[in-house]
Each structure stands twice: as structure tokens, then as C-alpha cells.
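Before any comments, here is the structure.
The values are calculated or read from the model by the stated rules, or taken from the named source; none is laboratory data. Just so it is clear, the structure is predicted and the values come from calculations on it, not from any experiment. Every residue, glycine among them, receives a Cβ derived from its backbone with ideal geometry; neighbour counts consider all protein chains shown. SASA here: full protein model, heavy atoms, side chains in, ligands and nucleic acids out. Shrake-Rupley method; radii C 1.70, N 1.55, O 1.52, S 1.80 Å.
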Amino acid sequence: MNTSKNTSKLSSIKNLLSASDFNQEVTVKGWVRFFRSNRFIIINDGSTIHNIQAVIDLDKTNTEQTKGISVGACVAVNGKLVQSTGAGQTVEILVDTFEVLGEADPEKYPLQPKKHSLEFLREIAHLRPRTNTFSAILRLRHSMTFAIHQFFNERGFFNVHTPIITGSDCEGAGEMFRVTTLDPKNPPLKEDGSVDFKQDFFGKETNLTVSGQLNGELAAMALGKIYTFGPTFRAENSNTSRHLAEFWMIEPEVAFNEIKENMDLAESFMKYLIQYALDNNRDDLEFLKQRLLDEEKDKPKEQRSEMDLIQKLEFVLHNDFERITYTDAVQILKDSKPNKNGKFQFPVGEWGFDMQSEHEKYLVEKHFKKPVIVTGYPAAIKAFYMKQNDDGKTVAAMDVLVPGIGEIIGGSQREDNLEKLLNAIKVFNIPEKDIWWYLDTRRFGSAPHSGFGLGFERLMLFITGMGNIRDVIPFPRAPKTADF
């Protein structure tokens, strides 16, 4: 068999699998998933969850010519596209020529055709996109990214790029990554022994941002409707399945929207993204659904999910979101059987306690049996910038709760009254000199406005059904984890 390079047009496997023009000459390039009987090459090029089979004519080649073909190798095949007579495939390629573009030592290549644990795959994050699970996740990440931009563009929003390096702490958490060019061994010091950040690159202490919201509000006060979509960082030393040190946030901000319009926007946004995934990534979702079903077979019946992945997505898509106050939510939880029987890991506290994800899931999955938006949270457990309600105790905050995740979106109407905002920053011990520019938007042409934040990786957990947030981002950053 001729193994020299060919010059026919490259085709994606995704397109070939739906082709009806048989006997055409095609070229496919991709990575070998299986190689059987020195004849059947199973290839995937990343364009789809599905593989294509290329069949070598043993009368025209020999094992010496095919010895470079092994699992993980990169190959180019040229041949005729024909209908397949084999089970589980509609088309295959009868190979005329092939070339091994890059060999993979079968003794050392770690992704052999067997099941690998997610923990093991995190150790080889540079190769895990070649697996079905992670190629599906990455295609879904792309689709969700595109759908987010499309959703806002269709509604007249403007995308604003907010700073990654910031001199303010939006959340007031104090858990931020410092950005400095000072010598860590010999930094300049003030007379009192503290570091003199005036000699630093920016002339002040700066950090990686935890949110683009405050800057987004500034733009909304001129452009009306904006959204940010960028990386955010938190130096929270939580080595859990729900925390990352680097993650992505989508944060719309809308002038003249009050809390009701904010809830409407969040609900339509979630439904739009789910519909886009179902319409454009069905094969990937079906694969991930089956993966989860296979995973749950070994679990006790009471620990299995009541809905499969597709049903969970359609559950959110086809239900109107229930809207309740925090006060009503607390009463529902206090009266619930799990609380009375001591089944909650975190007992329901008195008014003012911060609900945990198990409480949020109960409201969605057991009590209302639909997605829920909770509003009117106690001011003491929310951020300084949230609109104070007339009762003097609560703020116009909102959390969107969905099955399996709990809170997926958090937002609020922003405080547009300068006097009330000044009082709030005193309560939160935020120096006025650090956010004078933010306060100016309340001094000059203040307007009611609202917004929310959707953590992109939290969205991806929901869309894919994965259980660990480190598995829905290509190269996770977490405590003691910054490889690749």
C-alpha cells in the first residue's frame, strides 16, 4: 500500500458521518482510538463524540507498513467513503493511502482503551481532552461560550472587558491573589515596617480580580446594557469539588432594571443556554447522560438521581421558575421533614442564617419541584452594594436555584442611593478612598440598575452533570495545583 502523503481535501469526521455522497475520495486526519487486526483503524478528530473506521486492504499492505499505527498515534488516511456493513456505524473509509503523522509508544501512552478514573485523568490533563468525556465537555464549553455571547448580542447588550488587575475587592472577602513586582526577599518598607506599595509597579497594592461587576456597573451607566465574560480569581484555600482558584464569570449589568426584570433576565438566560445545548450538542449530552447512568448503577437506590442528565436540563427548560422570599424559604425548610428528622447535614437555623446547597436542592427538587429564585435576603449576609429594602433588614438580592447544583446565579438590584451606599461601606469597613470612582456613579446621574453573576464552571457542572468542578475546565487551578 502507498503510504505517501495525499493532497485531497481534508474532511471532518462529523461531516462524513452524515454524508450521503458515497464513493467520494476523502481525507481524514486524527488520533487512533483503536487498531484491530492490523486492518481496522478507529479514528477521532475531535469534531464529534463519534469515531470513523478506516479499513486497510490486507492484500495491498503488510504488518511492517502498519507498525507505526497504535492507540494515540496521529494518522492521515485517504480513501473512498462507503456505506458500512458493520454494526454501530453508517459509513467507513476504504483506505488507499495512509501516513503516520506522529507515533505514540504503546508501552508508554497512558490513555489505553479502558476506563480511567477522573482522578487519574486530572494527573494527565494535557492528554485527557482525547477521551470521550473531556472532548464532550470541551465542545460543550465552546457551545456555551458562543451561546452566551449570542444571547446578549441578540438583546442589544455590549460586551465590556473589565480589568483583571484591580485595586479593589468587590466581594469584601479579602481572599485575593496579590500582583506585585517588588522583591519578595527585600521589599521596600515604611517607617512602621509595613510594605511600601507606593514603590510597586502600580504605586499601590493590587490583586487579581474576584469580579468584573463594579467596573461593569460603570459601563452600564453609559451604555445601558452590558455584560462581562472573563477570568476571575480567588485565593480561597478550599480543596473541594466545588472550588477553583481561577474560573470564568458572566456578569450582565442593566440600567433601569429593578429586581423583577433582573429575575426575568436570569430565567430567560438559563433557558436559552439549555436550549442551545440540547439543539447543538445532543450527541455529547447523550454520551454524558449514559456515562452518569453507568456510574450510578453501583450506588444504592436511595442515592441515585431521580432525573437523568437530559431530564434535568428539560426540567429547568420547561418549568416556570418559582419566586419566593428568603423569609418564606426559611419557614419551608424549618417545617420540612428532613429538618424535623435531623436529616440535613447543616440544621436549619433561625432567620438570618446562610442556606447551604442541601437546603437549596430541597427547595427545588422536593418542595416546589421546579427551579426557584429566592429574593429578599438579610442584608448582613449579602454584599455592600445591594439595594436596601424598605423593611431595613433585607436587600433586593436574588439567587437562582437549580437541581443538582443549588445556587447557580447570584445577583441583585444595586443600591443607587448615595447616602445609603455610604452607610453600607462603613458597615463593611470599605474605605471611601478605595471606591470613590464607584460612588461617583451615584453622585452624577444615578439610576436604578441590576445585574447578576453566573460562574461559567458552575454552569458547566450543571450542563454536563459532572461532579467535580476541576473536570469542567481544561486546566484547573486549585490549591497546590498549577500544572500544565
message = Is it the case, given these coordinates, that Ser84 is touching a strand residue (DSSP E or B) at 6+ places or on another chain (Cβ under 8 Å), modelled with pLDDT of 95 or more, closer than 24 Å to Asp283 by Cα and hydroxyl-bearing (Ser, Thr, Tyr)?
response = no
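Return yes when Leu363 is assigned to a strand (DSSP E or B) and open to solvent by less than 40 Å² (accessible area, probe 1.4 Å) and no when it is not.
Numbers: assigned to a strand (DSSP E or B): no; open to solvent by less than 40 Å² (accessible area, probe 1.4 Å): yes.
Considered against the rule, which asks whether it is assigned to a strand (DSSP E or B) and open to solvent by less than 40 Å² (accessible area, probe 1.4 Å), Leu363 comes out as no.
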ask   = Has segment 67-75 got any residue that is crowded, with 17+ Cβ neighbours inside 10 Å and on the phi > 0 side of the Ramachandran plot?
value = yes
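Could you count how many residues in segment 157-176 are open to solvent by 40 Å² or more (accessible area, probe 1.4 Å), outside any strand (DSSP E or B) and at pLDDT 95 or above? Write out each step before concluding.
Keep residues of segment 157-176 that are open to solvent by 40 Å² or more (accessible area, probe 1.4 Å), which gives 158-159, 161, 163-165, 169, 171-175.
Next, from what is left, pick out any that are outside any strand (DSSP E or B): 161, 163-164, 169, 171-175.
From what's left, at pLDDT 95 or above: 161, 163-164.
Residues flagged as open to solvent by 40 Å² or more (accessible area, probe 1.4 Å), outside any strand (DSSP E or B) and at pLDDT 95 or above within segment 157-176 amount to 3.
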ask   = Quick one: how many residues across segment 245-262 are open to solvent by 20 Å² or more (accessible area, probe 1.4 Å) and either assigned to a helix (DSSP H, G or I) or within 25 Å of Pro474 (Cβ to Cβ) (or both)?
value = 7
ask   = Is it true that some residue in segment 118-129 is surrounded by fewer than 16 Cβ atoms within 10 Å (Cβ to Cβ), of a type in the set (D, E, K, R) and in a loop (DSSP other than H, G, I, E, B)?
value = no
query = How many residues, within segment 278-322, are surrounded by 12 or more Cβ atoms within 10 Å (Cβ to Cβ), of a type in the set (Asp, Glu) and without any contact (Cβ under 8 Å) to a residue 12 or more places away in the chain?
reply = 2
ask   = For residues in segment 463-480 being assigned to a loop (DSSP other than H, G, I, E, B) and either β-branched (Val, Ile, Thr) or open to solvent by less than 40 Å² (accessible area, probe 1.4 Å) (or both), which is farthest from Leu293 (Cα to Cα)?
value = Pro479
